[in-house]
Amino acid sequence: MMKSIPAIIITLCFGILISGCNTSDQVSSTPASSSNTPLAAPATENASAETVTPAEPLATPSPGPENPALPLSRYALSAELDYDTHVVKVDEQISYINTSDSELDELLLLIEPNSYPNGFTLGALTWENGEPISNYSLSDRELLIHLSENLLPGNAIAIIITFQLNLPNQNAPYGYTDRQTNMGDWYPYVPPYIPEEGWLVREDAFLGEHLAYDMAEFEVEIQLANSFAANGGELVLAASSIPEIDGNIYRYHHTPARNFVWTVSHLYLEQETQEGEVLVKGYSFPYHPQADGPALEETAKALTIFNELFGPYPHKALTVVEADFLDGMEYDGLIFLSHAFYDYYTGDPQSNLTIIAAHEVAHQWWYGLVGNDQALEPWLDESLATFSEIYFYETAYPDLTDWWWENRIYFHNPQGWVDSTIYEAAGFYPYRDAVYLRGVMFLGELRDLMGEEAFLEFLRAYLEQFRYRQASGDGFFNLLSEHTSADLSGMIGTYFSRR
């Protein structure tokens with residue numbers, strides 16, 4: 001996702017194709033810091049209140065959809081949304097497992113909603129047995145808990161946190177508009193811990209994503225305070241998985257997954273289709289019936305193609321939602337497609353609706369199954385997701401492959417280093433051209449050099465080696481060296497500045 005691109009760019013569906021996961025008209029890309037809870041003074045903790053338990057054995061071979069290889073931390077969330085007042089009350093229990101080989105003397109929670117003025121109010125913070133946690137600090141979006149006893153590798157610790165969210169009014173994956181309420185990155189979570197580096201935490205930037213996630217198990221209960229919006233219309237809830245519904249209470253089980261996202265609207269129209277064992281759900285606004293079916297169909301088509309190419313999608317459902325913002329955006333199990341893609345749908349696969357649907361679905365592999373540092377190495381997910389688009393077109397619309405290369409890539413005459421960070425971008429176009437488009441050119445040359453069979457074998461091996469983990473550029477190139485003996489130094493030097 002890249003932020004703050006003028007809306008007019010979205011309308012140019014043939015000549016200037018925007019990248020998936022790319023734009024945002026957020027009110028503020030770096031909101032002011034706010035905390036409604038004063039920082040607690042350091043205190044001596046009651047050691048007996050910290051319940052530390054051994055986790056499952058760390059090492060299990062051959063990770064797969066039913067075997068994430070590492071034990072999963074667990075997030076149990078109970079949320080109540082008042083759609084009309086834009087307030088969410090949440091009870092959350094985090095059972096965190098230290099899957100690193102380091103002892104931890106602190107536990108860090110990232111709280112993205114606290115980046116917004118008055119956006120987050122902490123109610124209570126306790127250990128699992130109800131004993132208050134006193135030795136912590138809350139600053140901007142980081143809640144740091146100091147442990148009285150180190151958390152050993154393989155051990156688990158549980159905390160309970162209650163809080164209230166006052167949602168911002170913004171066209172973004174988090175916040176509300178007149179059309180919808182979106183709940184992306186809405187709960188406190190523990191970021192990945194990298195041995196010898198520490199917590200994987202990056203600052204926000206004008207462009208791109210900055211968050212990284214470990215795989216986890218999610219048990220989520222959502223209650224809608226009212227079944228109908230004040231201005232009319234029954235509320236419809238879409239999420240990363242399919243719920244069990246009891247009146248106005250929705251219960252979800254989502255695992256293994258990087259995150260859990262949900263969205264509510266009084267306008268949504270629902271469609272669904274079955275692709276093998278996966279239920280594909282579509283949610284859209286009632287303004288462009290000519291685009292609703294194709295959005296669902298292209299999403300399902302991409303899912304089938306990538307299943308066959310890369311390996312099985314790990315969930316039983318995939319949700320595609322029309323977004324009231326100028327983005328395509330991926331989450332684990334749910335993708336947003338901008339309303340502009342629907343509004344300007346041309347009725348053929350040469351439109352952004354088709355291109356970006358394929359891109360966001362590809363992120364279920366290159367982001368969902370394989371994680372990475374999206375701030376410092378965004379190419380690892382964005383280049384691969386963009387390159388996956390050509391696989392989609394080669395399979396679904398082979399007559400349009402030349403068109404895709406010319407209009408998606410070469411038309412822009414892209415420049416820049418593929419391994420640029422989100423902090424080095426001089427603007428939307430330089431960032432897109434370097435990370436997305438030049439990344440595709442590199443992967444295309446690599447594919448031509450290695451041959452289709454060897455290249456695809458490498459991608460599958462990369463997916464298998466880093467499934468459910470955090471990949472890195474070093475890991476990518478180290479594995480690549482095992483799959484080709486060709487001298488890649490010239491090619492790599494052309495595209496990468498840090499190799």
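The values are calculated or read from the model by the stated rules, or taken from the named source; none is laboratory data. Just so you know, these numbers come straight off a predicted model, no measurement behind them. Here the Cβ is made from the backbone with ideal geometry for all residues, glycine too, and neighbour counts use every protein chain on show.
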If I filter the range 314-352 down to residues being part of a helix (DSSP H, G or I) and either in contact with a strand residue (DSSP E or B) (Cβ under 9 Å, 6 or more places away or on another chain) or of a type in the set (A, V, I, L, M) (or both), which single residue comes out as surrounded by the most Cβ atoms within 10 Å (Cβ to Cβ)? Phe341
Looking only at residues in the range 224-250 that are surrounded by 15 or more Cβ atoms within 10 Å (Cβ to Cβ) and part of a strand (DSSP E or B), which one is farthest from the chain's Cα centre (by Cα)? Leu224
Going by the conditions given, is Leu144 at pLDDT 95 or above, on the phi < 0 side of the Ramachandran plot and of a type in the set (A, V, I, L, M)? yes
Can you find a residue that is outside any loop (DSSP other than H, G, I, E, B), surrounded by fewer than 20 Cβ atoms within 10 Å (Cβ to Cβ) and free of Cβ contacts under 8 Å to residues at least 12 places away in the same chain anywhere in the range 171-194? no
Applying the selection to the range 176-224, what residues are within 14 Å of His86 (Cα to Cα) and of a type in the set (Ser, Thr, Tyr)? Tyr176, Thr177, Thr181
Selection within the range 86-103 - crowded, with 19+ Cβ neighbours inside 10 Å and in a strand (DSSP E or B): Val88, Val90, Glu92, Ile94, Ser95, Tyr96, Ile97
For Ala156, the lone unmet condition from (1) at pLDDT below 95; (2) assigned to a strand (DSSP E or B) is (1)
If I filter the range 118-140 down to residues being modelled with pLDDT of 95 or more and within 26 Å of the chain's Cα centre (by Cα), which single residue comes out as surrounded by the fewest Cβ atoms within 10 Å (Cβ to Cβ)? Asn118
Within the range 474-485, is there a residue that is within 26 Å of Ile355 (Cα to Cα) and surrounded by 14 or more Cβ atoms within 10 Å (Cβ to Cβ)? yes
